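The values are calculated or read from the model by the stated rules, or taken from the named source; none is laboratory data. Keep in mind the model is a prediction, meaning the values are calculated, not measured. Neighbour counts are summed over all protein chains in view; Cβ atoms, including those assigned to glycine, are modelled from backbone coordinates with ideal geometry.
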């Protein structure tokens, strides 16, 4: 951002921080313009996610009292979340180092950016802000099963760093926590934060014919590259959060061994044996096995 915009990119970057990179949210320091920006982001996204977000997300938003009434106070929001699943939200200034991030997750703390995007980045920003983290991530932390999965992921991250397999585990986070889809009775629905906080990708992920939608496969995900600056070319679909937890609540040592000698897959690739989920009559989804 150039200086003549008269708006700092992120004023929290100069705030004092603790050893775990947490800071004081200083909720009272948000301007009226920043609160209004949250309200507009919230109103837009709550409309576009109707009928597209999964049931658990919509229920949690109501239970946690996420609302268009200004930027949430993380302390008050934490009190409501902690009473449900024991998770806490801790404010940070920016992305934190991997070891710090995994330690927070392993101890049921979610590090959320305290800053809100500038007006010039209203529709898209590269670094997650408070809207992405609170609107996108926090509702799923109110789901007890998904909350357990996130804790397990944090502990798995600590081990992945020791084994040099962090790139494989990062792909699991990307294709589930950030860009995951789930089957529900009415069809596919969204639970990934990267989709939930993006109005355009919310529609694209479910309704565009171009991306692949593939049934969840842990080893397959760990071999699949991803895109960070455009819509995803592949989305992975889980059957339930219980199934996700069951697949991931284990030592990944054998999985790392299986994928280590195999070629990575490009984000757009379909592999033989993939469960490809396609759009059918009346917008129901059906599955088939990919063949070459």
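Points worth noting:
- The set of residues in region 13-63 that are over 22 Å from the mean Cα position of the chain (by Cα) and assigned to a helix (DSSP H, G or I) comprises 13, 14, 27, 28, 29, 32, 33, 34, 35, 36.
- Flag for residue 163 being modelled with pLDDT of 95 or more, more than 11 Å from the chain's Cα centre (by Cα) and farther than 20 Å from residue 110 by Cβ: no
- If the condition is being surrounded by 15 or more Cβ atoms within 10 Å (Cβ to Cβ), in contact with a helix residue (DSSP H, G or I) (Cβ under 8 Å, 6 or more places away or on another chain) and part of a helix (DSSP H, G or I), then region 64-79 contributes 74, 77.
One line per residue, one yes/no per condition, for (1) at pLDDT 85 or above; (2) farther than 27 Å from residue 151 by Cα; (3) part of a helix (DSSP H, G or I); (4) more than 24 Å from the chain's Cα centre (by Cα):
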{"position": "244", "(1), (2), (3), (4)": "yes, no, yes, no"}
{"position": "251", "(1), (2), (3), (4)": "no, no, no, no"}
{"position": "256", "(1), (2), (3), (4)": "yes, no, yes, no"}
{"position": "269", "(1), (2), (3), (4)": "yes, yes, no, no"}
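- Any chance residue 183 is under 18 Å from residue 242 (Cβ atoms) and touching a strand residue (DSSP E or B) at 6+ places or on another chain (Cβ under 9 Å): yes
- Some residue of region 41-54 being farther than 21 Å from residue 205 by Cβ and surrounded by 14 or more Cβ atoms within 10 Å (Cβ to Cβ): no
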